[in-house]
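The values are calculated or read from the model by the stated rules, or taken from the named source; none is laboratory data. Source: prediction; values computed, not measured. Every residue, glycine among them, receives a Cβ derived from its backbone with ideal geometry; neighbour counts consider all protein chains shown. Side chains included, ligands, DNA and RNA excluded: accessible areas come from the protein's heavy atoms. Shrake-Rupley method; radii C 1.70, N 1.55, O 1.52, S 1.80 Å.
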Amino acid sequence: MSDMNSGAQLPLEACPHCGELVPPGRFCGNCGAHLIADADAARARYHAYAAGPHEPVLRPAIVTTLFPHLPHRHTHLFRDVLAAGVVVIALLCALRLFTSATVAAAVLLPVLYLLYLYEVEVYERAPLLVVGATFGVGAALGVAYALVVPVVVHPSVVVTAGSVLVSGVLLAAVAQLLMLVGPLLLLRRVEFDETLDGLTFGVSSALGFTMTVIIAGYWHVLTSPLSGGSVVDVILGLLQIGILGAFVNAATTALITSALWLRVHGHDRGRFHAAWHGLGAAALLAFVVQIVLGVLQRVLTIEVSAVIAWAVAAAVALVALRVVVHHALLDEGAERAIGPDSVCAECHHVVPTMLFCPVCGVARSAAPKRMSAASAPAATAEAAP
Amino acid sequence: MSYAPPPTPFAALPYPVAPPLRSAATRRRLSPLLLVLVAVAAIAVVVVIITVAASAARPAAPTHCVYACAPPKTGQRLVSSTSYNNQHWGYTVDYDSTVFQVAQQDTDSVTLGTNGVTAAVVKAMSATSPASAVQATINNLNTSVLQNIQDKNAIPGAEVGEIPGAGEYLTATLVTSQGGTPVALQVMAATQGSMTIVVELVDSPAQGNTVSGIQNTSLDYVLSELIWPGS
Ligand SMILES: [Zn+2]
Ligand SMILES: [Zn+2]
């Protein structure tokens, strides 16, 4: 036990959920249970997502799910930039600048994600390794995939059952496997052993892959002397492939990598073991979502229905990812430890460093990493008036 | 559970709030303005570079051309002409066997291919309006092979085997093992007596990159020399 600083001087209270003596607070610093919620809801606290406790777990939120290290007060900026980007893409379409609109749709999320990785400094010790192995490998495999697909797809101009099977089922599964390659390169590295590392690598790889699949896969469209078509259809198509498709790919890939990281690195305390949010279920759901969309891609001819299908799939995958990550964060951590005081990046209270912030309940592993180390001395100084 | 939840009201928690902007927790690596500027600049640079590259890779713009500038009908039968006769409906399709092969056939239709790629589909059905037959065919195009399908315009004076009907001119990108190629699609239908024939022509990738009008005289031949039953 490392009760070493002011945290140890607080009157400790017994947590009714894990039984440990923990500093007073709304949440247990050890197990994350919500101490002032009623007992049924407290332990798994589905009303307070472990990486962003101001939101319930079962909400298909994009930024708090895919950008988990971002503190609450910074999320709105990324959300605003994302929304503004979508508006700009629609404007480019309206001006019939279809090539620019397609490229913008392809790079919007990847650029935001790379900025996020820089902003939260989570991987500042090895940025090239992390970005290269995940985003870089994903992007390279995306180009390869886009070049190979036309060889595999049977060039018949009418839809057949065979073409749905190959291009819908087979290619969708292959794409999902390729998006996992980059993260797997980092699986055995001990310095990246947290569930949120797995999530981040999965998202980063999927966004790199999706970006180059769009640009390389549509290259012949971008370079064709075509100008016509309905502007609305083009906007909907870019929304479906570039934005919603990126959300789906990021969420399904992170779903598998998050569950895989928890399984392989074995940091769970066994408190929330259940098959329905384990690795098998996560992988099954990810592939099912991808394959269903792969088949729908061949069958749906009306663009609006495709957008709706992709939006539903993105919501399902995001919520599933949150369920897996929420349980993983509540489970993660080896022993009860009450560390020195530090500022919680989420709520800005000066609290003992534990697995969870006693005030807002955020998993401290979801903080930008500098918080846990760099801010401790400054915080202690400020806390003493 | 024998413990009562600790009744700790929020205000009574013994944790001070860090002064804003002084702690590491509130400091941002990128200010909001800088973050937006970097995002906009990065996206703009990539968009401009790729757009310029795509424009440079575009084939020289063809002289603008609509359906009317397709080659004139060939006046005589080709030397290497081969006939496909549909037993069920009785129509006959003449085609240049040095260019096309029968890729697929069933009771109603025949598909002519060139180098493994569909070039023409001729399909007979019970009489219906040519326009609805055209639309049904367009709705059934394989969007994984034909990307970016764009309905350009109706074909004025569309004919199938010299029977007037309806037609639609579309452009698309045909995705094959050789990559994507812009193609022109013509879907035409005509009705005579109790049957409607739909002809779907895909200008083959070997015919070059232009997308305006069917360039391939062999395809034009298939369409214009189609023989209706009893004629
Ligand atoms: Zn506890
Ligand atoms: Zn907090």
| If pairing requires two Cys Cβ atoms under 4.7 Å apart, which cysteines of chain A are left without a partner? | A:C93
| Solvent exposure ordering (accessible area, 1.4 Å, most first) of A:V312, A:V264, A:V343 | A:V312, A:V264, A:V343
| said: Given all pairs of different Cα atoms, what value in angstroms does the Kirkwood hydrodynamic radius of chain A take? | reply: 21.8
| Solvent exposure, largest accessible area first (probe 1.4 Å, DNA, RNA and ligands not counted), of A:R263, A:R43, A:R322 | A:R263, A:R43, A:R322
| field | Loop-located chymotrypsin sites (Phe, Trp or Tyr not before Pro) in the range A:46-127 whose Cβ has at most 16 other Cβ within 10 Å (DSSP) | value | A:Y46
| said: Are there any GluC sites (Glu not before Pro) in the range B:85-177 that are in a DSSP loop and have at most 16 other Cβ atoms within 10 Å? List them by number. | reply: B:E162
| How about the range A:112-145: which GluC sites (Glu not before Pro) there lie in a loop by DSSP and see at most 15 other Cβ atoms within 10 Å? | A:E124
| request: Rank these by accessible area, largest first, 1.4 Å probe: A:V362, A:V304. | output: A:V304, A:V362
| query | Say R0 is 56 Å: what FRET efficiency, to the nearest 0.05, do A:L12 and A:V312 get from their beta-carbon distance? | reply | 0.75
| query | For the range A:63-327, what is the accessible area per residue in Å² when the probe is 1.4 Å? | reply | 36
